[in-house]
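Encoded as structure tokens, the structure appears first; notes follow it.
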């Protein structure tokens, strides 16, 4: 009997739970509202996300936002009224007959709206399990037909499935804006978006100044940050065509929770939820070190913060360049960067030096063509005097596409794991080998250099050998002519006194001639003795 009651009790509980889940509200119709004063809410179908009124941290202001339903610490991923907080708990959210979401304060004034402009029949607002708040037709759930969605109006957070970047047809930009502080979700000092000038790149800005940037996408990874792909939680989708230019996180495990935030200090953090620790784990934090600071080493400077550079200045110059102001450079002021040691004459004799393991320079002053080969890219750069470097766009399948840089090369750093080369213009006649990359020189230059060195060494050895031979002959004869006051004779006995010297070679005489000239080596004819032996005077 008791077991029967127990089974009946469990059945009632399960039915109650099922009924509550089935009645969970994830949509708002024209006749429904969400109010702060009665704690009404909507949550996604699987109860992953919830839309509520809340006060962040120690703030007393009220905001309407979306957060994780079953994750502690009130993790907010989107805020509607960032610019216009509510001062009391009388806020109300509703959707009007035209399909526009509006947030109204206690004075019945609209302080925020979705700005959707299409007039529709039977609109609804729905919170999806992705965290996306959408406005759609009541009977149409096709994402392509959404009238408005919060995923097009990002806050400080990117969630899996969000498009981060540009809709080039509608000219809609999706970018992050940091909170002003952990207690204040109003727009802060930092933004993070995809910059379209030149070849596109992802940039964190502080006001109007770059703070940090990723190297461009090379078909495999983002330059300078290969560790973004080294995880078991997410991967990237990258779309770049005439309609769209965006990046998207995709979860490798659909049950995982992951987000990227731009915090109030301007740091990018990729966070994953760990059930064991009941907290968010920092999978990636950017910037990672000083070399990530934008343009730390100036024009043509390379930042190296690897272990092999431990204890040294983290800034150096590309091969063929030197600090513009050496005294400032020694004092660790690298803001003026580096300049060429020799001026390029900009001709067909200019060459390029390849550098592996470099983050590609800032691409704001760049040009690209996805159809050109690397050889065609080099030729195009060579013909333009303003072109300072080139490289492939995509490294897959042997490489493709052409990316040209113009003017100074900025924000270069060394990092391991890169799979593409940067080719930097070198002036005609410049030689040298980079400490970072090996110079690639034509074979004929190497052959000529070897021949010149060989000839020079042969002449040098021949000259040394000849001088040593002559010195040995004089020592054997024990005779050197006086260079002043006396006559000197050559081999034929011709007098060279008061005449132009015909050479530096010493004349050689046999022993009979020497004996006659020195009176049989008489002591009276001896002038002295030195390192070469006795020296005799030849009488007039």
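The values are calculated or read from the model by the stated rules, or taken from the named source; none is laboratory data. Not measured: the values here are computed from a predicted model. Note: ideal-geometry Cβ built from the backbone for every residue, glycine included; neighbour counts use all protein chains shown.
Summary table below
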item: Residue check for residue 301: at positive phi, touching a residue at least 12 places away in the same chain (Cβ under 8 Å) and crowded, with 19+ Cβ neighbours inside 10 Å; result: no
item: Hey, residue 409 outside the structural domain of residue 241 (by TED's automatic domain parsing) and at pLDDT below 90 or not; result: no
item: Filter result for residue 165 (surrounded by 15 or more Cβ atoms within 10 Å (Cβ to Cβ) and over 16 Å from the mean Cα position of the chain (by Cα)); result: yes
item: Unmet requirement for residue 148, which otherwise passes all of (1) buried (at least 17 other Cβ atoms within 10 Å of the Cβ); (2) closer than 18 Å to residue 248 by Cα; result: (2)
item: The stretch 252-275, residues that are at pLDDT below 90 and not in a loop (DSSP other than H, G, I, E, B); result: 274
item: Leading residue by the ranking (farthest from the chain's Cα centre (by Cα)) among those in the stretch 279-322 that are assigned to a strand (DSSP E or B) and over 19 Å from residue 355 (Cα atoms); result: 279
item: Which numbered condition residue 376 fails, given (1) over 17 Å from the mean Cα position of the chain (by Cα); (2) closer than 24 Å to residue 297 by Cα; result: (2)
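Residues checked against (1) within 16 Å of residue 156 (Cα to Cα); (2) touching a residue at least 24 places away in the same chain (Cβ under 8 Å); (3) touching a strand residue (DSSP E or B) at 6+ places or on another chain (Cβ under 8 Å):
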| residue | (1), (2), (3) |
| --- | --- |
| 245 | no, yes, yes |
| 251 | no, yes, yes |
| 256 | no, no, yes |
| 263 | yes, yes, yes |
| 268 | yes, yes, yes |
| 271 | yes, no, yes |
| 287 | no, yes, yes |
